[in-house]
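Data first, discussion second: the structure below is written as structure tokens.
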Amino acid sequence: MPMNDLFGVVEPVFPARQQLAAGASLLRGYALSHEDALLAAVHDIAAQAPFRRMNTPGGFQMSVAMTNCGEAGWVTDRSGYRYDRNDPLSDKAWPPMPDVFTQLASHAAREAGFVDFKSDACLINRYEPGARMSLHQDKDERDFANPIVSVSLGLPATFQFGGAKRSDPVQKVTLRHGDIVVWGGPSRLYYHGILTLKDGEHPRTGRARFNLTFRKAL
Ligand code: MD3
Ligand code: FE
């Protein structure tokens, strides 16, 4: 059923499940029933491993603040992008992956046709108004046969994805509180990014968007 909002943007809200690209399934609202547990866990993780804006190898500070949980966490600094078993801020292991994370990621992956997905790393991104993530590929993981499961919480964002080449045409889709996307198959290596987050206030997260990406990194 198409919904026509105040600004005349027509976007399908149903069906709840949509194929965005080859191997990419959007599960609208799939995380909603777990919002309390997910947000409590993000808060808990951030108390142990605070959100921080990392530096790229090129010397720019990212506008998105990040932390991690699980056996390994994604980090970047002047020496490059990689997964590290320890948080460089503390030199201690990242907080363990909460059960609600592991199970939600595995259930969503199964829903999208990936029967045995076991994530060992969860990158948590925090966007405040003005933050963005430019077009990139995720290729720091060992085995691209594993999908990536992404969970959006809080303020909506415009997600942009193209194809296997940076120059491929891009599509845009709004990711909202509770949406999950499973990226596997050919789409696993597609270029993607998030446009500058617009200001707003979300009842559950305030002026912020969180995105959890579940990966099998090691
Ligand atoms: C398509 N995060 O952390 S989630 C990232 O909303 C990242 O914070 C964005 O891109 C965010 O690397 C986008 C959707 C997403 C995540 C991983 C993907 C799309 C993907 C990996 C491959 C292809
Ligand atoms: Fe990415």
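Coupling constants for segment 153-163 follow from the phi torsions by the Karplus curve (6.51 cos²θ - 1.76 cosθ + 1.60, θ = phi - 60°), and in residue order they are 9, x, 4, x, 9, 8, 8, 10, 9, x, x Hz; glycine and proline get x. With all protein chains kept in place, the per residue accessible area of the chain amounts to 50 square angstrom at a probe of 1.4 angstrom. Computed extension gain for Ala37 through Arg142, at 0.36 nm per residue and net of the alpha carbon distance, reaches 34.8 nm. Computed from backbone phi, the HN-Hα couplings of segment 90-100 come to 10, 6, 10, 4, 4, x, x, 6, x, 4, 4 Hz, rounded to whole numbers (Karplus: 6.51 cos²θ - 1.76 cosθ + 1.60, θ = phi - 60°; Gly and Pro given as x). Here the sum of -39500 (n - 2.57) over DSSP H runs of 4 or more residues, divided by the residues of the chain, equals -4000 deg cm²/dmol at 222 nm, to the nearest 500. For the pair Lys172 and Glu201, the difference between a 0.36 nm per residue extended length and the Cα-Cα distance amounts to 8.2 nm. Each Cα pair under 8 Å and six or more residues apart adds its separation to the average, and for the chain the resulting relative contact order is 24 percent. Taking one quarter of the surface of the C-alpha convex hull of the chain gives a mean projected area of 11.7 nm². In order along segment 189-197, the phi-based Karplus estimate (6.51 cos²θ - 1.76 cosθ + 1.60, θ = phi - 60°) of 3J(HN,Hα) comes to 10, 6, 5, 7, x, 10, 5, 2, 5 Hz; Gly and Pro are listed as x. Projecting the Cα positions of Ile124, Gly184, Ala49 onto the charge dipole of the chain (unit charges on Cβ atoms of Lys, Arg, Asp and Glu, taken about the Cα centre) puts Gly184 furthest along the positive direction. Taking the protein heavy atoms of segment 38-151 in the context of the full set of protein chains, the accessible area attributed to carbon and sulfur is 47 percent at 1.4 Å. Here segment 154-193 has 55 percent of its accessible surface on carbon and sulfur atoms, given a 1.4 Å probe and all protein chains in place. Note on Asp116 and Thr158: their simple-model spin labels are 4.2 nm apart, each label 7 Å out from Cα toward Cβ.
Checked against a 23 Å cut-off, the cross-linked pairs Lys92/Lys216; Lys139/Lys216; Lys118/Lys139; Lys139/Lys172; Lys139/Lys165; Lys118/Lys172 give Cα-Cα distances beyond that limit for Lys118/Lys172.
The values are calculated or read from the model by the stated rules, or taken from the named source; none is laboratory data. Quick caveat: nothing in here was measured; it's all calculated off a predicted structure. We place every Cβ from the backbone using ideal geometry, glycine too, and count neighbours over all the protein chains shown. Side chains are part of the model used for accessible areas, which takes the heavy atoms of the whole protein and leaves out ligands, DNA and RNA. Shrake-Rupley method; radii C 1.70, N 1.55, O 1.52, S 1.80 Å.
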